[in-house]
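Every number in this text was worked out from the coordinates using simple rules, so none of it is lab data. Since the model is a prediction, treat every value here as computed from it, not as a measurement. Virtual Cβ from ideal backbone geometry, glycine too; neighbours counted across all protein chains shown.
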Amino acid sequence: MMGAREWLNQHPNVAIEPGIAVVLLAIVLAVVQIRASRHRYPSALPDVYYTVDDGKTFFAASSDNVPPFDYDGRQAVTAYVFQCGNQKFVGYMERFSLKYHDFVVAHGVTPEAEKFGRELKKPGDAKWLPSGDLRTEAKLTEVHCPNGGSDIPESIMP
């Protein structure tokens with residue numbers, strides 16, 4: 001009777017083919033594992049918050065929108081949302097001025113439009129103030145928790 005080693009020596013393909021299959025399977029599994037753990041970069045722009053009611057409520061939508069824009073028949077502007085404890089609130093709002101809005105829609109945001117073409121206001125304020133003056137911008141973008149505590153508001157994104 002022939003032993004297993006002698007039989008394999010006489011039929012080498014029987015041992016080589018499964019060995020190749022095991023090596024190929026190990027390579028495929030390694031490639032799948034590496035691809036699964038790769039960081040995926042987003043293909044679309046992230047969402048941001050907007051408001052249509054002076055910051056009383058807010059919603060997330062694509063940052064492709066150039067504020068002010070029409071949303072369900074109302075003008076939507078960017079809402080900078082913060083959180084203190086469990087309470088979320090709009091700290092201030094931003095839009096492009098009429099002078100710059102159409103330009104930004106057509107050509108994108110330029111450094112000039114970013115610096116001088118925006119208008120800012122806090123919820124409840126009657127008047128939008130132009131950007132460009134760093135003191136005014138710093139005052140408008142300084143946000144405090146609505147409860148008046150010593151908590152530091154945390155900016156949140158959708």
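For the range 102-158, a simple Cβ point-charge model (Lys and Arg +1, Asp and Glu -1, everything else neutral) yields a dipole of about 160 debye relative to the Cα centre.
Between D102 and K127, residue separation times 0.36 nm minus the direct Cα-Cα distance comes to 6.9 nm. Here the simple spin-label model places points 7 Å from the Cα toward Cβ, and for V28 and D47 these points are separated by 3.9 nm. Each residue, R38 and A60, gets one label point 7 Å from its Cα in the Cβ direction; the gap between the two is 2.6 nm.
Want the number for S155 to Q10: 0.36 nm per residue separation, take away the alpha-carbon distance, what's left?
Extra length available between S155 and Q10 comes to 44.9 nm.
Sequentially through the range 65-74, phi angles give Karplus couplings (6.51, -1.76, 1.60; θ = phi - 60°) of 5, 10, x, x, 9, 6, 9, 6, x, 10 Hz, Gly and Pro residues having no value and appearing as x. For Rg and Dmax of the Cα atoms in Å, the value computed from the atomic coordinates appears in the list (i) 29.8, 101; (ii) 14.6, 44; (iii) 34.0, 114 under label (i). In a simple Cβ point-charge model (Lys, Arg +1; Asp, Glu -1; nothing else charged), the range 44-132 has a dipole of about 320 debye relative to its Cα centre.
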